[in-house]
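Everything below concerns the one structure shown next.
The values are calculated or read from the model by the stated rules, or taken from the named source; none is laboratory data. This structure is a prediction, so every number in the text was calculated from the model and none was measured. Because the Cβ atoms are built from the backbone with ideal geometry, glycine has one as well, and the counts that use them run over all protein chains shown.
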Amino acid sequence: MSPLLFYLTTKWFSLRLPDNGKAERKTIHPFWSAVQKCFKNHVPGTGSQVHRDYGTSSTASPEWHLSHIDGCLSSFAAFLGITNRVDALQELQSRLTKRNNAADFETACIKKAIQRGTLSDGGGR
């Protein structure tokens, strides 16, 4: 059983009947008792531990990114009432240029390339 589900169903959340003024004294709803019984054989600390992965590596392909960008571009254009792709790309470029400078963009690219292990020229041009 998942330690996370055990914790959530026994310690963090419960469904109770409105039969008492104090929340901790309210009777556990019969449905919730049935849910908790699903985890009755789990003894905390004996199963696998739950760990969060803070990794930033992405396995998305360049094709996935292009597809995502294309979808975002059409949404961006539609929001502005633009239907011509060339006009949409020009407006996008204009707004991105105003949003951050070239050095900030290069720094972000270098950082992401290092994280992915794809930096090929040492970061300089």
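Summary of computed values
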{"quantity": "In segment 77-113, residue surrounded by the most Cβ atoms within 10 Å (Cβ to Cβ) [restricted to those that are acidic (Asp, Glu) and farther than 24 Å from ALA60 by Cβ]", "calculated": "GLU91"}
{"quantity": "Pair list, Cβ < 6 Å and 6+ apart or interchain, from segment 88-102 residues that are farther than 20 Å from GLY71 by Cβ to residues that are surrounded by fewer than 11 Cβ atoms within 10 Å (Cβ to Cβ) and at pLDDT 95 or above", "calculated": "none"}
{"quantity": "Segment 64-80 residues that are at negative phi, paired with ones that are outside any helix (DSSP H, G or I) and modelled with pLDDT of 95 or more (beta carbon under 9 Å, 6 or more apart)", "calculated": "PHE76/ILE82; ALA77/THR83; ALA77/ASN84"}
